[in-house]
Structures are given as C-alpha cells and as structure tokens.
Amino acid sequence: MNMFRDLTPQDEAEFREWPRDPNNFNPATDTINPVWHPVIQEECSAMRLGYLEHEALRSTFFRDHTMAPFTKVTNSHQSTTKCTKCGMDVHCNVLPLPNEIEIGGEAVALNCVPEEDR
Ligand SMILES: [Zn+2]
C-alpha cells in the first residue's frame, strides 16, 4: 500500500525544490521527517550527504590528506573516498545504525603519512 500520492514530473520538480529553501530544511541541523513524501526525503538525504562530505573533507584537509572524489556505496545515503597519497579512507553515512557514526575513517582521525615517508 502506497501512503504517498503519485507525482507528476512537475510535482516531483517542486517536491525536490522544497527542501532547497533554507526555511524548510537545513542539512546541518535538521532531521529528515519520515512523514515527508519519499521524494522529499530522498532530496534531504542527498543534501545531508553533501553536507557530511563537506565536513569530512574539511577534517582531512587539516590532516594534510588529498582526498579523491567521493563515490556512493550501494545506496544513496552512504559514500566513501580515499587519500591519494596514503590510502586512508573516509566514510559518510546519512542513516547510521545506533552503533554507527555519520562520519568515520582513518583520514579524519590520523595525519597523512604518504607512502614514500613510511
Ligand atoms: Zn593521506
């Protein structure tokens, strides 16, 4: 049973635009409400993942890593990347389980040690 209405392409464009208004959703602070239409939740999830990736890159930058572009992991709410100099990784997860975290990996915790310096 689908509890949400089917969307026309015009509706979907409007639903994807709605969370882009800062008055409706802030990816840094707001949670994704499960009663929102799945298209809105999907857009909020993408915005949140972008925010987490930005925060992760800021951390790795201060540890002298040079991160490759993020790639999605099996679904749209997780992504990962590795340092091109040392191979340490970072993972971002918009929907972490209770025993998981949103941003994790060696590259946010340890300074870069390039292969040639080991
Ligand atoms: Zn590195």
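Readers should treat all values here as calculations from the given coordinates under stated rules, not as data from a laboratory. Model, not experiment: these values are computed from the prediction.
In the chain, the ratio of gyration radius to Kirkwood radius, Rg to Rh, stands at 1.08 when only Cα atoms are counted.
Amide hydrogen proximity for HIS65: with H placed 1.01 Å from N in the peptide plane, the residues at 5 or more positions away or on another chain lying under 5 Å are CYS112. When you restrict to C-alpha pairs under 8 Å that are six or more residues apart and normalise by the size of segment 9-117, the relative contact order lands at 20 percent.
Counting only alpha carbon atoms, the long axis of helix 38-62 and the longest principal axis of the chain meet at about 20°. Between segment 100-118 and segment 56-97, how far is it from one alpha carbon centroid to the other, in angstrom? Going from one Cα centre to the other spans 10 Å.
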